[in-house]
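Q: Have a look at the structure that comes next, please.
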Amino acid sequence: MIPILDLFITVVRVIFAIIVILFLPGFLLVNALFPKKRELDEKDPWLVRLVFSVVLSIAAFIAVGFFLNSLGVNSDTGLGYFSTPYILLCLGVLCVVFLGLGIWRGAYPFIYDPLKARTGVKVGGKEKDNMERLREVRLEIADLKRRLSVPLKDKEKERLEEKLEKLQTEREKILTELRGGPDKKKRRP
């Protein structure tokens, strides 16, 4: 072959190997574990995701290595299964699994949005933040109601009832915003 073409092919293979071994499995796993953008770090979420991606990719590669080594010796070749085709196959399967988990958990809303699937309403930006806050408020209200169902001291019971009242007011405010104000009627989430 021509030396320049040989060099080009080698460079492309190295870049592909770096992406497949040191980035892709970890990136897909991080997105599956933490589907929200700012779930890991408020200030610089992409830097944290990049670091986690590299670390988890190396861990996935090591796990694949242990798995392939545990299979023993290939009787046809007399060698182990720790070779390029088997490594790529295992990492590819892991990437597909992690991608599927990420889609299911909502990391890729352009493919599948679980919030839209549950509510039937496409939400984004402020509406999505309101939906998440509404869910948190509903959980807090349920927790407060559970705590109020047991006998408490008068002072603590009064404090919890005040907090419950504030949360119920906040819930109504969020619902009003999601409906588009007091005049418009949208579907209730």
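Q: Once Lys and Arg get +1 and Asp and Glu get -1 on their Cβ, which of Ala60, Cys90, Gly106 lies farthest toward the positive end of the dipole of the chain?
A: After comparing all options, I get Gly106.
Q: Also, quick follow-up: Under the rule of -39500 (n - 2.57) per DSSP H run of 4 or more residues, summed and divided by the residues of the chain, what mean residue ellipticity at 222 nm is obtained, to the nearest 500 deg cm²/dmol?
A: -24000 deg cm²/dmol
Q: Moving on to the next point. Which whole-number percent is the relative contact order of region 3-112 (Cα, under 8 Å, 6+ apart)?
A: On the way: 110 pairs, mean separation 35.9, N = 110.
Taking the mean separation of contacting Cα pairs over the length of region 3-112, I get 33 percent.
Q: Among all stretches of the chain without exposed trypsin sites (Lys or Arg not before Pro) (DSSP loop, at most 16 other Cβ atoms within 10 Å), which one is longest?
A: Formally, the longest exposed-site-free interval is 44-121.
Q: When the Cα centres of region 162-179 and region 36-55 are compared, how far apart do they sit, in Å?
A: 32 Å
Q: A further question follows. Karplus couplings for region 142-149 from phi (6.51 cos²θ - 1.76 cosθ + 1.60, θ = phi - 60°), rounded to Hz, Gly and Pro as x?
A: Values per residue, Gly and Pro as x: 4, 5, 5, 4, 5, 5, 6, 6 Hz.
Q: Continuing with the same structure: Please list, in chain and number order, the residues 5+ apart from Gly80 or on another chain whose amide H is under 5 Å from its amide H, with Hs placed from the backbone.
A: Asn74
Q: Let me ask something else about it. Which residue, Pro25, Pro45, Pro114, has the most motion in a Gaussian network model of the chain that connects Cα atoms within less than 10 Å?
A: Largest GNM mean-square fluctuation: Pro45.
Q: With a cut-off of 8 Å between alpha carbons and a minimum separation of six or more residues, what is the relative contact order of the chain in percent?
A: Averaging sequence separation for qualifying contacts and normalising by length gives 17 percent for the chain.
Q: Please get the size of the charge dipole for the chain, origin at its Cα centre, with Cβ charges of +1 on Lys and Arg and -1 on Asp and Glu, quoted in debye to the nearest 20.
A: Working: 32 positive and 23 negative charges, 226 e Å.
The dipole magnitude comes to about 1080 debye.
Q: Next question. Could you derive backbone 3J(HN,Hα) for region 68-73 from the dihedral phi with the Karplus parameters 6.51, -1.76 and 1.60 (θ = phi - 60°), listing whole Hz in sequence and x where the residue is Gly or Pro?
A: Computed from phi, the couplings for region 68-73 are 5, 5, 6, 6, x, 9 Hz.
Coordinate-derived values only; no laboratory data. Treat the numbers as computed from the prediction; the structure is a model and nothing was measured. Positions of Cβ are backbone-derived with ideal geometry, glycine not excepted, and every protein chain shown enters the neighbour counts.
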